[in-house]
Amino acid sequence: MTDFSFNQVQKGDWQNEHGTFLRKNIRRFMPIASPAGGLERWRAIGSALKESIGHAFTSEQPLRVDGGRWSLSKIGLPQKLALSLAAHDVLERVPASWLGSAYAARLAAEELTPMLVSSSMKIERINRLLTMANLALRTSGASNGQTFAGATSTGTHGAAIEFGSMHDMIVAVHVMVAPNRAVLVQPAGKPLKAQARASLEHWLGVPTELVSDDAVFEAVRVGLGSMGVIVGYVIEVEPLYFLTQTVTSHTADAEWKNVLATRSAASLGNHSQRPFNLAVLMSVYKQHPAARPRAWVSTCTKTRFSGQSGVELDPSHPLRPNPDTIGLLANLGSLLGSTVANPLFRAAMTAELVKQQGEGVVVRRALPGVLFGPTALPRGQGHSVEFVVDGAQALVAVETLLAKIKEEFDQGRQLLGAMSVRFVGGSSATLAPNTKSPTAFIEIPSIRTTETTLVYDACSAALSAANIPFGCHWGQYLTRVQESLTDYWPAGNRAAWLAARRTLLPSAKARRVFASPVLAEVGLDA
Amino acid sequence: MTLGCGPRIVTIKFPDIDPTTDYVVCDQRGGECRGRRVEDVPPTAYRPGLDVLVPKKGTAGACPDGPRTIEVVIKGKQVTVVGYECAAPAKPPPLPDDAAEGSLTGGLPPEPPAAPEEEESQP
């Protein structure tokens with residue numbers, strides 16, 4: 001039963017996608033797509049948004065959107081109210097009438113296509129739809145179960161050293177900031193014309209302002225799910241391409257350490273001199289026997305796809321060749337059973353790494369939606385932290401972390417996972433993890449045990465003690481974030497983010513309604 | 001070509017296979033792939049997931065000079081196409097003006113009358 005005219009409302013348990021967080025007695029608004037389509041469908045979503053957000057304002061209860069359900073941090077956790085926008089399913093080319101002339105000329109010159117994408121659409125669906133149209137996301141995370149808003153709001157990335165993260169393809173953000181008020185935020189360069197605002201206002205039935213301001217735009221791109229309810233984005237996509245991935249295994253530490261030190265795999269011979277993607281996957285423990293590979297260096301190059309449109313990706317595609325440690329855990333989890341405490345697990349884990357990644361040189365070629373296909377954590381058993389450092393400090397940071405992980409192991413605290421280092425081009429988004437150019441993302445996923453969090457906290461303490469400034473991926477376990485906001489992000493970025501949030505959400509009530517529980521923990525609730 | 005236990009990408013090169021064929025059929029046991037003409041295949045014999053549609057030369061939207069390669073993934077009894085390459089560039093993707101023709105999720109509603117540029121607000 002519901003007292004909302006457009007919503008299906010459930011009350012019950014809320015879990016994140018990986019089953020690592022459970023909240024009870026959550027009221028979840030789930031607008032249903034109007035079968036009429038077209039304007040009527042948009043208006044139904046607009047009415048549901050107005051009612052849902054209106055209820056949150058009236059009752060002064062925080063409202064969290066389901067876009068954060070992929071996260072392993074508490075960033076998406078609802079307290080009382082949750083909202084699913086799955087019914088708003090839009091991925092379309094932006095009308096030409098929206099494009100400023102200078103911007104249209106740049107798009108043509110760079111062969112980019114502007115798309116309107118709904119915030120709730122999952123990466124897997126975006127990949128499938130774009131592939132059928134001979135288009136592709138410019139980069140993506142290694143997993144594909146996130147929504148576009150969830151991925152970008154937390155700084156999700158791939159290993160695109162030549163590009164950046166997912167939020168770096170955003171041109172404008174369409175966000176509800178009050179029960180009957182929306183904003184279309186774009187850079188001061190005004191790539192979009194006022195027609196974009198007028199159309200979105202007409203379609204959604206919600207008064208909408210156009211804000212062309214760099215500070216607000218840079219903040220809302222990685223807005224931590226706390227800038228309002230994001231309805232959709234204008235993003236740039238590019239012509240469909242193949243990714244040719246070369247993976248080499250390494251026994252000698254000097255080889256993979258040289259890659260981290262130089263941010264290049266050119267010295268290894270089999271790799272491209274200037275790849276689009278660069279990543280290193282490694283066992284966190286030395287291999288036994290030592291002749292087994294400990295690390296795998298992965299590079300990808302892009303090749304333009306020149307075939308006909310309409311290629312369909314199989315959503316259950318069997319390939320899982322990417323250096324995605326989250327995906328690796330799914331297989332590791334199947335090994336576990338009830339043997340988490342078994343000391344033999346370390347041997348099983350390192351053997352699984354060799355089995356999955358192979359030995360010698362492996363070359364694969366696939367469309368991005370295939371290469372970065374389905375991945376999953378072992379439900380309820382996953383945990384992960386991701387430190388980000390200046391690319392120039394990748395090697396010293398990894399050596400510091402590996403030494404601490406060994407020290408923890410020697411004291412009886414075992415980490416049941418692996419480490420992945422991915423290099424990503426820099427971003428101007430205010431709280432983007434990839435604020436350095438390039439940034440090294442050091443991800444350490446693990447099977448969750450009582451020891452895992454202790455090891456993660458020890459790792460962040462070790463980086464701090466070594467005077468290595470580090471940031472975080474907002475969607476993974478958060479540790480020492482206040483320190484990161486002072487030491488890693490450029491001076492003034494925290495204040496700039498808070499100021500932009502106050503611009504979009506001028507009332508204290510609005511800031512409370514759209515607050516993640518994480519904000520207060522890290523000092524971003526001012 | 002042999003098939004192991006795991007999935008693998010198979011690149012089928014043309015003109016090893018006649019580019020006028022309609023389907024590529026891969027033999028699961030030996031992994032051999034060959035072309036088949038549509039007139040040689042009864043409609044009921046087409047096996048989704050096993051027979052891979054080839055972009056035919058000369059048809060709308062297809063490779064203008066026929067395909068150069070087709071890539072499939074074979075795992076167990078499943079064959080999944082992951083891409084084609086054309087011998088010559090295919091038709092470029094439509095420009096934004098052609099948006100209505102290239103709808104991906106049902107299209108956008110009609111736009112309201114043109115908006116004046118001066119209505120923009122600043123924070």
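A few remarks follow.
- Residue that is within 30 Å of A:GLU352 (Cβ to Cβ), modelled with pLDDT of 95 or more and crowded, with 19+ Cβ neighbours inside 10 Å, where the choices are A:CYS459, A:CYS472: A:CYS459
- Members of the stretch A:193-244 that are at pLDDT 95 or above and of a type in the set (S, T, N, Q): A:GLN195, A:SER199, A:THR208, A:SER212, A:SER226
- From the options A:THR156, A:THR131, residue that is more than 13 Å from chain B (Cβ to nearest Cβ) and either under 20 Å from A:PHE276 (Cβ atoms) or modelled with pLDDT of 95 or more (or both): A:THR156
- Of all residues in the stretch A:163-185 being under 26 Å from A:SER59 (Cβ atoms) and over 20 Å from the mean Cα position of the chain (by Cα), the one that is surrounded by the fewest Cβ atoms within 10 Å (Cβ to Cβ): A:ASN180
- Filter pass, A:GLY369 being modelled with pLDDT of 75 or more and farther than 21 Å from A:THR156 by Cα: no
- Yes/no for A:SER97 being farther than 26 Å from A:ARG422 by Cβ, among the hydroxyl-bearing types (Ser, Thr, Tyr) and buried (at least 19 other Cβ atoms within 10 Å of the Cβ): no
- Filter pass, A:TYR456 being within 17 Å of A:LEU402 (Cα to Cα) and outside the structural domain of A:PHE57 (by TED's automatic domain parsing): yes
- Sole exception among (1) within 19 Å of the chain's Cα centre (by Cα); (2) of a type in the set (Gly, Ala, Ser); (3) surrounded by fewer than 20 Cβ atoms within 10 Å (Cβ to Cβ) for A:SER59, by number: (1)
- Of all residues in the stretch A:247-275 being in contact with a Pro (Cβ under 8 Å, 6 or more places away or on another chain) and in contact (Cβ under 8 Å) with a residue 60 or more places away in the chain, the one that is nearest to the other protein chains (Cβ to nearest Cβ): A:VAL247
- Of all residues making up the stretch A:479-506, the number that are free of Cβ contacts under 8 Å to residues at least 40 places away in the same chain and among the small types (Gly, Ala, Ser): 4
- Count - residues of the stretch A:186-211 that are more than 25 Å from the chain's Cα centre (by Cα) and either among the polar types (S, T, N, Q) or in a helix (DSSP H, G or I) (or both): 12
- Taking first residues from the stretch A:451-469 that are of a type in the set (D, E, K, R) and partners that are surrounded by 15 or more Cβ atoms within 10 Å (Cβ to Cβ), the Cβ contacts under 6 Å between residues at least 6 apart in sequence or on separate chains come to A:GLU451/A:ARG413; A:ASP457/A:THR479.
- The requirement of being touching a residue at least 40 places away in the same chain (Cβ under 8 Å), surrounded by fewer than 18 Cβ atoms within 10 Å (Cβ to Cβ) and under 20 Å from A:SER516 (Cα atoms) is fulfilled somewhere in the stretch A:34-54, by at least one residue.
- Yes/no for A:GLY223 being away from chain B (no Cβ under 14 Å), closer than 30 Å to A:THR58 by Cβ and in contact (Cβ under 8 Å) with a residue 24 or more places away in the chain: yes
- Options A:SER420, A:SER446; residue that is in a strand (DSSP E or B), buried (at least 23 other Cβ atoms within 10 Å of the Cβ) and in contact with an Asp or Glu (Cβ under 6 Å, 6 or more places away or on another chain): A:SER420
- Whichever residue in the stretch A:84-101 is part of a helix (DSSP H, G or I) and in contact (Cβ under 8 Å) with a residue 40 or more places away in the chain and, among such residues, is farthest from the other protein chains (Cβ to nearest Cβ): A:TRP98
- Residue in the stretch A:42-60 that is at pLDDT 90 or above, in contact with a Pro (Cβ under 6 Å, 6 or more places away or on another chain), among the charged types (D, E, K, R) and not in a strand (DSSP E or B) present: yes
- Residues of the stretch A:164-185 that are more than 30 Å from A:SER437 (Cβ to Cβ), assigned to a strand (DSSP E or B) and in contact (Cβ under 8 Å) with a residue 60 or more places away in the chain: A:MET176, A:VAL177, A:ALA178.
- Filtered residue count, the stretch A:126-162, keeping only those that are surrounded by 22 or more Cβ atoms within 10 Å (Cβ to Cβ) and assigned to a helix (DSSP H, G or I): 10
The values are calculated or read from the model by the stated rules, or taken from the named source; none is laboratory data. Nothing here was measured: the structure is a model prediction, and the numbers come from that model. Quick reminder, even Gly has a Cβ in these numbers, built from the backbone with ideal geometry, and neighbours come from all protein chains shown.
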